[in-house]
1. For q = 0.11, 0.12, 0.15 Å⁻¹, what log10 I(q)/I(0) does the stretch 372-510 give under the Debye formula with an equal point scatterer on each alpha carbon and no solvent?
2. Tell me, how many Å apart are the Cα centres for the stretch 295-358 and for the stretch 462-527?
3. Take the alpha carbon atoms of the stretch 173-237, find their center, do the same for the stretch 26-73, and report the distance between the two centers in whole angstrom.
4. Subtract the Cα-Cα distance of residue 243 and residue 198 from 0.36 nm times their separation in residues, and report this length gain in nm to one decimal.
5. Say each of residue 61 and residue 341 gets a label point 7 Å from the Cα, pointing the same way as Cα to Cβ; how far apart are those two points in nm?
6. Over its Cα atoms, what ratio of radius of gyration to 2.2 N^0.38 Å does the chain give?
7. Taking R0 as 35 Å, what's the FRET efficiency between residue 45 and residue 275 from their Cβ-Cβ distance, rounded to 0.05?
8. Rg over Rh of the stretch 436-538, using C-alpha atoms and the Kirkwood radius, what does it come to?
Ligand code: WTA
């Protein structure tokens, strides 16, 4: 599956950017020595480290033992009992009762603010409402909503009553939503009539209606009225569908008391793409996830009481879970939340929001940064960005040019940039250049975060030298690590622990340089990263072969200036179907319908047959080279049919 040659990596980038003296002076961690001391402590004395660093969180019962077991199955904070919402909400009352927890801006420009007091009250009411609908500790609740404050209320209300939420990104199609609901057997789905996106209505409830036609576990659909009848009239099915405001108003707040759960009780399931088959339900549990997100948010974003913090991710992805909801709220931060697209009504939208709300910390993705570069500096520079003090990036490797632009044009050379590497599976940030403590290098994700032991190894598990490419692994467990794949522990073990036995394999290729800084080159398994979205090639291929015309399909990535990777598929057709622009459009639409529009292929290439090894495995390396327009350099002697290669090239011309 992996190929050492493909992940050898060289970069000429060696500029270093020190934080300013002014930033360093006020930072939580002020020097490399301070970072190293804490880092050592986190590995040598995890019990002491995590006790001190979680001391402001609320535990009903402290842990007996910091960890138990060995990879793949490790428990953290054994014996502890808690409810995460007490750390995210109750603990802030009364001191932060009137502090803004969420400042929400809709796409058309309305603003709504919820203080910690108000958010607490809403969560308590909605938790009572969910209990009233029959949701109990241990149940699953699916959430299919847009970026509105209620999505946070819904997630926390689940946590309040010990039910696991499974948020499904609002860009997924009905089929994907249905599969996720069926996999985790959700009892209730939370949704809204519709959401604004680039001036159009995303009909979320209508999609839920389609999905729940074949989800026998769903008993109730709770619908938030966001747009109203004028823009998004919905049909309410008697006995199944209820309005959010009605169940909330009718609920007795006394019914919203927190359920105290064990440290390892499921907190949420989040589906993500893997290298094989259907999406995996990554399971995160309670205490370890809370500790990981709490501590990383505080130090990585160097949070201060008066910060206005904005993470631009969608709550449907892990970044939204960890760095819009659990991390910032457990720290008592003021979080900005924006409903719409970055270019609606124009490319100035983000910068206008920053100026309007005096955002001080911005956390976004390289794909967005590249799109802003393309749109032109004037959209950025015409707004007053003097409130910004720290910038962050996540989701894919950031190319040094984009890093420099972010630093100069957005950060005005004043703001450190934290390049944060992590995954749905890691739950929290694992590698980063801590601002104020160490210098940054464009394109490098920096040093391991507290409690993290990362290494780059060969396919045999041997450590490689400085600047040599290899596989990125984790030698030991960490608090916010996924615990299993929902309903399929065997797959969990196989997927993450079989490549390098005894180690967690991230799926990424990387090198570690002479300063101990990690440089991640990207996925080396069959997972693509398109605009920061993880897409499994197997999912795309199975969507394509479900179309009547397709005999066989192979999906690969090709480098793309804007998206990082673009999705290219090679397709062979069944007899009687003709390749051409019409079928191309149909197949793109088909994938959009099966998975979601964001996963629709950029290019479809028709071929008579696909290149395969003698054992019948599709030669993806070859297809990648063809997709990228590169000469094929590798050894092709195992090709079943050498003619296939030239035929594929011919299709190209
Ligand atoms: C990639 C997103 C380079 C990586 C939080 C990882 C990155 C995958 C970075 C996880 C970064 C994420 N530099 N690559 N700073 N951050 N990645 O699960 O390939 O959606 O394995 O989690 O994104 O994607 P996921």
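1. Results for the stretch 372-510 at q = 0.11, 0.12, 0.15 Å⁻¹ read -0.51, -0.59, -0.82.
2. Taking the Cα centre of the stretch 462-527 as reference, the centre of the stretch 295-358 is 28 Å away.
3. Using only Cα atoms to place each centre, the spacing works out to 41 Å.
4. Values: separation 45, 0.36 × 45 = 16.20 nm, distance 2.58 nm.
Roughly 13.6 nm would be gained on extension.
5. In this crude label model, residue 61 to residue 341 measures out at 5.2 nm.
6. The chain yields a ratio of 0.94.
7. The formula returns an efficiency of 0.45 here.
8. 0.97
Every read-out reported here was derived from the displayed coordinates using simple, explicitly stated rules and does not represent laboratory data. What you see is a predicted model, and the numbers here were worked out from it, not measured in a lab. Cβ sites come from the backbone with ideal geometry, for glycine too, and all protein chains shown count toward neighbours.
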